[in-house]
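As C-alpha cells, the structure follows; a few thoughts come after it.
The values are calculated or read from the model by the stated rules, or taken from the named source; none is laboratory data. None of the values given here were measured: they were computed from a predicted structure. Reconstructed Cβ throughout: ideal geometry from the backbone, glycine too, with neighbour counts over all protein chains shown. SASA here: full protein model, heavy atoms, side chains in, ligands and nucleic acids out. Shrake-Rupley method; radii C 1.70, N 1.55, O 1.52, S 1.80 Å.
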Amino acid sequence: MVNDSIQAEETETTALLMSSSVSHNESDQLQKRTGTIWTAIAHIITGVIGAGVLSLAWSVAQLGWVAGPLTVVAFAGITVVSTFILCDCYRSPDSEYGPIRKRSLLEAVKFYLGEKSQMVCGIFLLEGFYGCGVTYTITAAASFRAIQKSNCYHKEGHEANCGEKDQISTILFGLLQILVSQIPNFHNIAWLSVVAAVMSFCYASTGLGLAFAKVLENKEILGSISGVPATGVANKIWSIFEALGDIAFAFPFSMIVLEIQDTLKSPPPEVHTMKRASLFSILITTFFYLCCGCFGYAAFGNNTPGNLLTGFGFYEPYWLVDFANACVILHLVGGYQIYSQPIFSLADKWINQRLPDRACTKKFTLKLPYLPAWESNLMRVCFRSTYVISTTIIALLFPFFNQVLGVLGALNFWPVMIYFPLEMYFVHKKIGNIWTALAHIITAVIGSGVLSLAWSMSRLGWIAAPIAMLLFALISLVSTFLLCNCYKSPDPDLGPNRNGSFLEAVQMILGKRNAAVCGVIVGINFVKVGIVYTITSALCIRAILKSTCYHYQGHDAPCEYKISNFILLFGLVQIFVSQVPDFRNTKWLSVVAAIMSFTYSIIGSGLGLAKILENGEIKGSITGVPTSTSAEKVWAIAQATGNIAFSFPFSLIFLEIQDTMRSPPPEKATMKKASVAAVCLATFFYLCCGGLGYAAFGNSTPGNLLTGFGFYEPYWLVNFANACVILHLVGGYQVFSQPLFAMVERWIAIKFPESVVLNDIYSLKIPFLPTMTVNLLRVFFRTAYVAMVTGVGILFPYFNQVVAVAGSINFWPIVIYFPVEMYLVQKNIGSWTPKWVFLRLYSVFCFVMIVFAFIGSVKGLISERFG
C-alpha cells in the first residue's frame, strides 16, 4: 500500500509538472547548471562557517573541556548524516537518474510528505532563513563597530572610552544588502560564495592564530573540565542551553542543501558530487570550529568573550584584528544571500503566479558597474528591499549576539536537520522501518545495565571482562538470528502464520505445554526488568539532587535523600505512560529513549576518559578487585556475570519488534540488519563505558557509574546524564511492559468476550499528544501492575544485586533454550546432525554459565538485604 501510494504520488506529481506552463524539463533546458564540486564546497562553507564560529569559544567555555569539544563533534556528525540523507532526496524515484528534481527542501517535503507537512516545514524554514539574516546583520554591525573600537584603543589606550553605537553600522549593512539582494537567484552568486568562503577561512585562521598566540603569551592552558562557574544551578543550566543553541546555529546548512545541489552539472550524478562536497566541507569546518573554540577557551578561560573578534579579548596587533573583522563583514555579505535567496525565489514564484502579466512583474535589465547584467522587475525590487529593511529593523531592536544565536539554533535544528530529512528518506527509499526497529532494539539493549558494567569489569579484570561482554553479545546475536526464522510458520520465509510475540511463537512451534512454562518465565522477566528500571530511575533522580548538593555544600556534606520517594514518583509517571495502547504507538517513545541512551553512554565514557587524564594513569589489573577469600571472589565473579547478562536482554521482545515491520523487504532481512547494527553499537558503548570507568577508578569503581559518585564535577553534566537515563528508562520500561500488557489483555478479552466493562473503548485526548484509546481493563490492570512493580522496588532498592539476579534468572530459557528448540523444529533439523549437536552443546554450555551467575547473584542480594 505504501509503495502504491508513493508511486501514485509520483505519477500525479509528474502529470502536474507536465501540465504546467513551464515544465521541469523545459526549465532544465532554460536553466543551465554549471556548478562543480568546488562551487558546491564554496556555497557550503559560506553557509556553514558563519557568525556561529565566533561564538564557539564562549560555548566551549560554558560546557568545559570534555563536553564542549564532544558537542561540536556530535553536531558535525548529525549534520553529515542529515546532508547525506537529503542528497538522496534530490531526484526521484531514483536518487541518481530520477527525472523528478526537488530544487528546495520545501519542494521535497511537499513531494514526499504532503502539503500539510510542507506548511509546517515552511514555518521553520522561513524562521531559519529570516533568523540567519537578522543574526548576520547583528554580527556584521558588531564587526563594523569592532574595527572602529580597535583603532580607538590603539590610539587612545586600552582603558579609553571607545564606545560606538551599532545603529549606523547596522543600517549601512542593510543598505549594502538591499543592493546585493537584487541578484536574481542562486545560480548567479557562485562568485559571491567563493569570495565569502575565502573570507571565512581568513578570519577563522586569524582568530585561531591570535588565540594560539595568547596561549603562548599566557604560558598555560586556561579553562576547566566543568566550564565557567555560575552563581546558581539555574544560571548554569541556562548558559549550557544557550551554548548548545549557539553550536546548533554553527551547523545550519541542511536548509539549503537541495538549493546548492540544484546548481550542479551532471554527469556525474549530482548526489555523488554533493556528498563528497558536503563531507569535505564539514570536515574542514569542524576542524576550524574545534581549533577556534578550543584555542579561544584555552587563551581566555572563564573570561572568554561572547564574540571572539569583537569582544576584545584581543587588542593587538590592531590591524590584524581589523582585517579579520573586515573579512567577517565580507563573508556575511555572501552568507546573508545564501540564506535569503531561497525566500526570494519562493516569493518570486508566488508573485509571478498571482500576477502573471502585470506591469509590476515585467522584467527589465539592471546593469551595475563591473558586474554582469541582471534581470529584475519592480515587485522583486520592492519585496527584497522590504525584506532586508525588516531584518535590519529587528537587528536594531535585538542586537544581542550570543542570545539571538542560541534561540535561532535551538528553534529549528531538530525539525529541519533531523525530522523532515529522516521522514523523507524513509518514504523515498521505501525502507521497511529498519530505523524504528533499531530504535526499539537500542532502547531495549542499552538500558540500566550499561551503568553497572564498569563495576562488573572491576570484578573480572582486564582480560576476562571484555571477553565476557563479547561472548554475551555473540550469544544475543545468535539468539536473534534463530528467532528471525520463527516469526513466520510453518515456512520461515513465506508463512503464512505470523507469530507476533515470543509466547505465540513457542505455542505455535512447540505446543501449549511449553507455552505455559514459557509464559510464566516471560512474565517474571518483564516484571523484573520493570523493577530494575524503577530502581535505576529513582537512583538517578536522587543522584541529581545529591550532585547539586555536593557542588554547593562540599563533597563531605550529608546529602542523603530517601530513595522510596523517588521510586513512587517514577511509578506515578509510568501509570500514565502505560496507557499507551500498544507497541505500534511507542515508536516516538523508543526514538527519544534511544537518543537518550546514546547521550548518557557518551557522557559516561567522556567523564571516564577525563578522569583517566586527570589521574595520569590507567587503573585496574588483569585479575580484578582483590578479595579476602576465594569464595568472595567467586561470588563477585558470578554477580558480575549476571550483570553483563542483564545488559543483553532484548531477545524477549524480538518478535514484537519484528511484527511492527512493513514488507517488502522481508521482515526477516530487515530485522537481521537492525539486530547486527544494534548489537554492534551497544557492545561498542558497553566496552567504552565499562573499560573507561574501570580504567578511571580501578578497585574503587562504583556499582553505578553515574549515581555512585565517582564523578562530582562537572555536576551539571552528571545531572544531565542522569536526566537522560531517566528519560530513557521511561521508554525502556514500556518496551518491556507492552508485550505483557498485550498478552494479559488478549487472554482476558478471549475469556470474557461479552463484557462491556472490559471491552468498551474510549478516546482520550491529552494536550500536545496524539489521541489514545483506553478501556477500564487497560486502566485498572496496567495501574495495578505498575503499583506492584513499584512496591517490589521499594522493598529491594539494591541496584547491582537486583540487576545481577534479574540478568541470570531467565537468560538461559529466554535467550538460549526456547530459541534453540523452536529453530530445530522450524527448520526440521534431525537428531545428531552436526547442527543439532552444535546447538545442544551451545545450550548446555550457556546453562552451566547462567546457573553459576544465578547462585552468586542470589547470594549477593540476600547479603545486601539481610547482612
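Can you give the local net charge around residue 178? Use residues other than it whose beta-carbon is closer than 15 angstrom to its beta-carbon, Lys and Arg +1, Asp and Glu -1. Walk me through the intermediate numbers first.
Working: positive: 380, 384; negative: none.
Combined, the nearby Lys, Arg, Asp and Glu give +2.
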In the structure shown, of 110/673; 668/835; 562/611; 116/528, the pairs separated by more than 32 angstrom at the C-alpha atoms are 116/528
Phi-based couplings in Hz for the stretch 839-847 (Karplus 6.51, -1.76, 1.60; Gly and Pro marked x): 5, 5, 5, 4, 5, 5, 4, 5, 5
Rank by packing, highest mean first: peptides 617-626, 259-268, with packing defined as the count of other Cβ atoms within 10 Å averaged across residues. 259-268, 617-626
Cross-link list 214/546; 512/751; 488/512: which exceed 27 angstrom alpha carbon to alpha carbon? 214/546
Phi angles of the stretch 724-741, converted by Karplus (6.51 cos²θ - 1.76 cosθ + 1.60, θ = phi - 60°) into ³J(HN,Hα) in whole Hz with x for Gly and Pro, give 5, 4, 4, 4, 4, 6, 4, x, x, 4, 6, 4, 8, 9, 4, x, 5, 4
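So, counting K/R as plus one and D/E as minus one, what does the shell of residues with Cβ under 14 Å around residue 228 add up to? Walk me through the numbers on the way to the answer.
On the way: positive: 236; negative: 242, 246, 713.
Local net charge: -2.
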Once Lys and Arg are counted +1 and Asp and Glu -1 for all other residues with Cβ under 13 Å from that of residue 784, the total becomes +1
Given the protein chains as shown and a 1.4 Å probe, how many square angstrom of residue 103 are accessible, to the nearest 10? 40
Charge dipole of the stretch 94-185 built from unit charges on the beta carbon (Lys, Arg +1; Asp, Glu -1), centred at mean Cα; most positive-end Cα among 129, 170, 99 is 99
